Each structure stands twice: as C-alpha cells, then as structure tokens.
Amino acid sequence: EKMRRKEIRRTKTVCTYCGVGCSFDIWTKGRDILKVEPQPEAPANGISTCVKGKFGWDFINSPKRLTRPLVRRGERFYETSWEEALSLAAEKFTEVKESGGPDALGFIASSKCTNEEAYLMQKLARSVIGTNNVDNCSRYCQTPATKGLFRTVGYGGDAGSIRDIAEADLVITVGSNTADSHPVLATRIKRAHKLHGQKLVVVDLLEHEMAERADLFLRPESSTDFVWLAAVTRYIVDQGWHDTVFIEERVNGLDDYVDSLNPFTLDYAESVTGIPREKLIRLAEMLRDADSTCILWAMGVTQHTGGSDTSTAISNLLLITGNYGRPGTGAYPLRGHNNVQGTSDFGALPNVFPGYESVEDESVRRRYEREWGGELPKKAGLDNHSMLDSILKGGIRSLYIIGEDTAFSDSNSHHVQEAFRQLDFMVVQDLFLTKTARFADVVLPASPSLEKEGTFVNTERRVQRLYQAIDPLGDSRPDWIILRDLARRLGADWPYDHPGAVMAEAAKLASMFAGVTYDRLEGYKSLQWPVAPDGTDAPFLYADGFPTSDGKARLVPMPWTAPRRTEGGYDLLLNNGRMLEHFHEGNMTYRSRGIRHKVPSAYVEVSTELAAERGIRDGARVKLVSPFGEETVYALVSSRVRKKELYLSIHTDQASVNTLTGSDVDRATHTPAYKEVHVRLETLDRD
Ligand code: SF4
C-alpha cells in the first residue's frame with residue numbers, strides 16, 4: 001500500500017482546452033490519470049471545470065501518439081533518431097534560406113503550446129532565420145477582435161477579469177455560444193443572472209442555451225451585426241442617452257463618428273438585420289438603464305469579411321455609453337484555444353515583437369538586436385493566409401508548423417493542401433500524425449501540456465504556470481526543447497535549461513511582462529498583464545486612462561459592406577461552431593474515451609421546417625455541397641436553427657467544414673470568413 005501511494009502524484013496544471021484557463025490538481029500514477037481535482041484558489045474557475053477539463057485527457061496515452069521522429073522517403077514515413085531528424089531540418093532550412101533568402105521560409109506557432117514556446121518560435125524565425133513570417137492560429141479566430149480593440153482602446157485583451165463579468169448589471173453576448181464554448185465562464189453568468197438580477201442579452205443565429213435563458217434574444221440575419229450595432233448606437237445618441245461626461249473627458253472623435261451613423265436608422269437596421277425595431281429600442285433602453293455593461297463576443301462576430309469592423313463597432317458602443325474603466329464594464333473577446341492569447345502576446349505574429357511592439361519601430365528592434373545579437377528583419381512579415389498565397393506564387397518554399405492542423409482548420413482545405421504540395425520542405429511538430437503532418441518531410445513528436453512546464457495566458461490576460469505531471473511518452477519532447485535544439489543546429493547559442501529562463505528573457509525585453517517571474521507564479525498564483533517591474537498586475541484595465549499618446553480612447557467610424565452571397569443555387573447558410581464535448585479538429589477529444597462515448601461523431605443541425613420539406617429524419621445522412629467541395633454528414637433535426645440555416649460542429653474526425661468554406665477573409669486581418677458559406681443539401685437516406 002505504501003509503495004502504491006508513493007507512485008501517486010498530484011500536480012497543478014492548467015486546462016489544455018479553452019481560453020477560460022481553468023487550473024486544477026491532476027492526480028496521476030505512472031501514466032494513468034486518476035482524477036482531476038479543482039481547487040478553491042484556482043483564480044479563473046475555483047472548484048468548477050467542464051467535461052473536457054475533467055474527462056478529456058485519455059489522448060495523452062493514445063496508441064496513435066507519435067513517439068519517434070519521422071522522415072519521409074517517397075510516399076512513406078520512416079522512424080529515425082532526433083539527431084538525424086533535427087540535422088535534416090537544419091540542413092534543409094539553411095538550403096532554402098541560402099537559395100531563396102530568409103523570407104522563403106514561414107513559421108506557424110501553436111496556440112496550444114506555452115508562452116515560452118511561442119517566444120522561442122518567433123525568436124527562431126526572426127533572429128536565427130531572419131524573417132518576420134511568423135503567425136499563429138489567432139489569425140483563424142480572434143485577430144479581428146484584437147484589431148477592433150487596438151483601433152479604439154489600445155490593449156488587445158479583455159478589459160477586466162471573469163469575476164468582473166459576473167458583477168455587470170448587463171451582459172451582452174454577440175456571436176458566442178458561451179455555454180458550449182466557454183462553459184465555466186458561462187456558469188458565472190448563469191449564476192449572476194439567476195441569483196443576482198443581472199440582465200442578459202444574447203445576439204446570435206443559433207437559439208442555444210444562453211439564448212433560451214436571455215432576457216432579450218436578438219436573431220439577426222447572418223453577417224449583419226455591424227448594422228444593428230450602429231443603429232442602436234445612433235438611437236442612443238439621438239435620444240441623448242450617451243455618456244457625455246465620459247466622452248468629454250476620455251474619448252476622441254465623437255463628431256466624425258456620429259456623422260458616420262447617419263444611414264443607420266432603426267428602419268434601415270430592421271430591413272437589413274430582420275430584428276424588429278421594438279427589440280432594438282428595448283436593447284437601447286437596457287443599455288441606458290444599466291450602470292455597468294460588458295459585451296462578450298466570439299467567432300460569430302470575427303469570422304466574417306467585416307469581422308474587424310464589427311469588433312470596432314462593439315467597442316464604439318461601449319465608449320459611447322461610458323462602459324470602460326469601471327468594474328463590470330468593457331469589452332471581452334472570448335479567446336478559444338487555451339493559449340491563443342499568450343501565443344500572440346509573446347510575439348508569434350508577423351508585425352510585432354512580444355508585448356505588441358512593432359517590428360518596424362527602430363528603437364524597439366534595436367533593443368531586440370542588442371539582446372539577441374545580429375540584425376533583425378525590418379519589415380513586417382506575412383500572416384498565415386498570405387503565407388499560403390505566397391507558396392502558390394513561388395515565394396515561400398519551406399514551412400515549419402507546430403501544433404496546428406492547418407490542412408484541416410484553415411478555410412478552403414483544397415486550396416491549403418495544394419499549397420502544401422508545392423513546398424520544397426516542410427516540418428510539422430505535433431502529438432499525432434495529423435492531416436497536416438501527412439504533407440511533411442520531417443515530423444517531430446511533441447509533448448502535451450501534462451508532460452512539460454511553462455505558462456499559459458487565459459482570456460482575461462492571466463499568466464498561469466503549469467507543472468510537469470508525467471514524463472514525455474516514448475521519445476517525444478517538449479516543444480521548447482525541440483526549438484532550442486534545432487536553433488543550436490542552425491548555429492544559435494541558446495542556453496535555456498528551463499522555461500523559466502525563457503520567461504526571464506521575455507520579461508527583460510517586453511515591458512508588458514516586466515514583473516513576470518516564475519516565483520510570482522508559484523502554485524496557483526497568477527498575474528494579469530501588463531505587469532509592472534514590482535509585480536503589480538492589472539486585473540482591470542483603463543481605470544486611469546487608455547494606453548494612447550494622450551490617454552484618450554478613439555471612436556472610429558467604419559464603413560458597412562454587405563457580405564457577398566454565394567451564387568448558383570446554394571440556398572442554405574452553413575453556420576458552424578463549437579459543441580461542448582469536443583474541441584477543434586478533435587485530435588484530442590475523439591481520443592478521449594468518455595467524451596467519444598457521449599458524442600461519437602459530428603452532425604449537422606437541420607431545422608424542423610427544412611427536415612419536413614426535404615424528408616430528412618434524425619440520423620439520416622445528408623450531402624452538403626458548396627462551390628469548394630462536398631461532405632456527407634449525419635443530420636439532427638433541431639429547433640435551434642432557422643429554416644434556411646444549418647449548424648455544423650467544427651470538430652469532427654469525419655466531415656470537415658473546411659472542405660466547404662471558401663477563401664474570403666476579413667478585410668483588415670485576413671481571418672477566414674468561415675461563417676459566410678452557403679451550401680445546398682442533398683438527402684441521401686429517405687424513409
Ligand atoms: Fe477547460 Fe475551458 Fe472547460 Fe475550463 S471551461 S475545463 S478551461 S475547456
């Protein structure tokens with residue numbers, strides 16, 4: 001008994017799934033996960049977790065895990081040593097750099113890796129190779145939200161903490177299926193709504209759980225959020241309900257902004273969005289009556305051709321109503337991946353160093369050159385989307401992708417896969433032989449969060465430590481070790497012996513993390529950036545002004561551009577998004593027994609009207625056809641969707657929504673317009 005107990009370990013970790021950033025103790029014995037035990041001191045979640053955090057860990061022992069490096073010979077992969085795999089990668093990267101220049105290489109970091117790993121990836125690209133072609137999957141989800149916030153208030157993160165959301169008088173969610181996508185955060189809202197009189201407004205196409213609970217549910221036509229936001233803002237100004245004192249003291253640009261709202265009457269908004277004007281007035285009144293309002297939004301807003309502009313409109317509405325800088329107010333873009341916030345914060349973006357300082361600012365670049373040694377590239381690099389275009393035009397010849405199944409998760413999969421086929425050399429580092437890894441020349445086996453140390457940043461800008469609970473499986477290695485060893489083979493003298501040393505370097509260079517140290521993050525302690533050198537952090541932003549040259553925020557007028565409709569008989573909108581049980585491409589959750597047992601496969605939700613009209617029953621197979629491809633999937637007849645709309649989960653190991661999506665992107669950030677896809681439906685199984 002004594003021996004057996006000795007083998008049992010209890011380790012603090014942070015969830016590997018969504019951006020809520022739940023932390024908990026995980027009990028292990030050898031490689032077995034015994035239980036997940038949340039702790040009251042966990043800052044984001046206390047004693048709560050959702051089904052994924054509790055039961056979604058079997059993937060770490062999946063027989064499909066990669067345990068040895070692989071190299072391609074012809075059509076097949078062969079196991080090899082780390083020595084051979086890393087030497088080959090270094091040799092080929094050098095060859096491509098010498099023949100095509102540093103910008104012939106591209107780097108895609110992972111939003112599931114740690115901050116330290118994101119930092120090393122961008123350092124490898126910039127300092128060792130000499131290119132700013134580095135990006136991460138925030139490009140696929142929340143970059144438009146960050147853009148909207150940079151335009152208006154200056155920081156690309158949530159205005160406050162999750163606990164502030166619970167304190168708001170009024171919570172508005174836009175394009176967020178919060179109960180499925182950010183379950184523990186949704187629980188806080190449900191409790192405040194039920195027990196403390198908080199008002200809840202939900203704006204979405206899908207009538208999900210939060211919509212059912214809402215005091216007001218608005219259901220706009222797809223891609224028209226910008227119009228109702230502008231109309232409600234104009235109505236508030238017309239009624240004189242805007243916060244003139246706040247605007248006078250803290251905001252620039254009122255006159256031009258108000259002029260830009262002229263076309264957005266309630267009648268116009270009703271005609272474009274389909275939301276009755278009475279409901280728009282009701283929303284304006286609720287904003288007037290609430291002392292504090294926060295707005296939460298997610299991919300239902302951002303994954304459109306106008307995603308950045310709509311995000312800007314949300315922030316404008318908050319400024320007009322004086323809803324920044326006080327508890328319970330502000331903008332909350334909800335981050336998807338566990339570390340999508342941190343991967344961007346720590347510089348895996350083509351235009352900024354860690355802490356969002358421009359690569360084109362000479363004084364900033366000099367600082368990094370002094371620390372890293374050597375000259376750094378002066379111009380911003382290419383984002384994910386532009387890298388793929390560049391490959392097809394013969395620019396980029398080599399890619400290094402960590403932990404992203406881009407062949408599956410980027411829009412228009414056929415286009416992406418065509419680009420991969422054109423590459424001279426590709427390295428993929430992951431847990432599994434993903435669809436993307438199958439295109440690689442070298443595949444490097446990485447370790448998941450439980451097998452390494454480091455830090456993540458959750459949606460509320462909170463930096464948290466995770467500790468190693470179990471040893472890496474087989475010959476797999478933590479990504480930071482692989483990056484360090486590859487850099488050494490490329491001639492860089494990287495001394496790091498622990499992720500803490502990487503964080504110390506980032507803190508020295510980026511003022512946003514100046515006071516971040518591993519000691520200050522010990523156990524369940526955490527810090528919300530920006531962190532001053534003395535360790536003072538920022539649970540709440542903008543109380544003393546905005547991070548702009550004059551300390552004021554900006555109201556930014558944006559033009560409204562109606563979305564392009566797909567021509568040619570594609571009569572149904574294919575809305576898409578998450579479900580509670582699974583996560584993204586499903587590489588982890590479909591390999592977790594309990595979760596797979598509960599939801600064994602993806603399905604498309606079809607309205608009762610459409611099902612009756614087309615003779616579709618629950619469980620029937622239907623074929624979805626778009627201009628870009630087709631997929632066969634099971635149907636679920638559902639009251640959550642409207643007649644001409646479908647809802648397909650993005651997580652599936654069978655049918656992929658990105659076989660159907662096209663290449664349209666957000667105008668400002670190149671985030672794919674995943675939500676602007678129309679299909680036609682063919683019924684395969686009839687009664
Ligand atoms: Fe993990 Fe998110 Fe669930 Fe928390 S809410 S346990 S972070 S998936």
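Bear in mind these aren't lab numbers, they're just calculated from the coordinates by the rules spelled out. Just so you know, these numbers come straight off a predicted model, no measurement behind them. Using ideal geometry, Cβ is built from the backbone for each residue, glycine included, and neighbour counts are taken over all protein chains shown.
By counting other Cβ atoms within 10 Å of each Cβ, how are TYR524, TYR356, TYR119 ranked from fewest to most?
Taking fewest neighbouring Cβ atoms as first place, the list is TYR524, TYR356, TYR119.
Tell me, what ³J(HN,Hα) does each residue in the range 204-209 have, in order and in whole Hz, if you take phi through Karplus 6.51 cos²θ - 1.76 cosθ + 1.60 with θ = phi - 60° and put x for Gly and Pro?
Result, ordered by residue: 6, 7, 8, 8, 8, 4 Hz.
If I take every Cα pair under 8 Å that is 6 or more residues apart in the chain, average their sequence separation and divide by the length, what percent do I get for the relative contact order?
About 20 percent, as a whole number.
Under the Karplus relation 6.51 cos²θ - 1.76 cosθ + 1.60, θ = phi - 60°, what is the ordered set of whole-Hz ³J(HN,Hα) values for the range 349-361, x standing for Gly and Pro?
Result, rounded to whole Hz: 9, x, 10, 9, 7, x, x, 6, 9, 5, 5, 8, 7.
For ASP485 and ASP267, compute 0.36 nm times the residue count separating them, minus their Cα-Cα distance, and round to one decimal in nm.
Net length gain for the segment: 72.3 nm.
Can you pull the Rg over Rh of the range 1-158, Cα-only, Kirkwood?
On the Cα set of the range 1-158, Rg over Rh gives 1.06.
Which far-off residues, 5 or more places away or on another chain, put their amide H under 5 Å from the one on SER447, with H placed in the peptide plane?
Amide H to amide H, under 5 Å and 5 or more residues apart or across chains, SER447 pairs with ARG477, ASP479.
Longer than 31 Å from Cα to Cα, which of LYS54/LYS123; LYS54/LYS435; LYS123/LYS435 are they? Say none if no pair is.
Long pairs (Cα-Cα over 31 Å): LYS54/LYS123.
GLU567 versus TRP27, label points 7 Å from Cα toward the beta carbon: distance in nm?
Distance between label points: 6.4 nm.
Which pairs break 26 Å Cα to Cα here: LYS92/LYS379; LYS35/LYS194; LYS52/LYS452; LYS199/LYS525?
Too far apart for the 26 Å limit: LYS35/LYS194; LYS199/LYS525.
Where both partners of a DSSP beta bridge lie in the chain, what percent of those bridges are antiparallel, to the nearest 5?
Around 50 percent of the beta bridges assigned by DSSP in the chain are antiparallel ones.
Taking a ≥ b ≥ c as the square roots of the eigenvalues of the Cα gyration tensor of the range 2-61, is the shape rounded (a/c under 1.5), prolate (a/b larger than b/c) or oblate?
Since a/c reaches 1.5 but b/c is at least a/b, the shape of the range 2-61 is classed as oblate.
Can you tell me the equivalent ellipsoid semi-axes for the chain? Use √(5λ) from the Cα gyration tensor, largest first, whole Å.
37, 30, 26
In nm, to one decimal, how far is the modelled label at TRP82 from the one at THR517, with both set 7 Å along Cα→Cβ?
With each label point 7 Å from Cα toward Cβ, the separation is 3.0 nm.
What residues qualify as long-range amide H neighbours of LEU218, i.e. H under 5 Å apart, gap of 5 or more or another chain, H built at 1.01 Å from N?
VAL202, VAL203, ASP204
In whole Hz and in residue order, list the ³J(HN,Hα) couplings for the range 465-478 that follow from phi through the Karplus curve 6.51 cos²θ - 1.76 cosθ + 1.60, θ = phi - 60°; x for Gly and Pro.
Coupling constants for the range 465-478: 8, 10, 10, 6, 9, 9, 6, x, 6, x, 9, 5, 9, x Hz.
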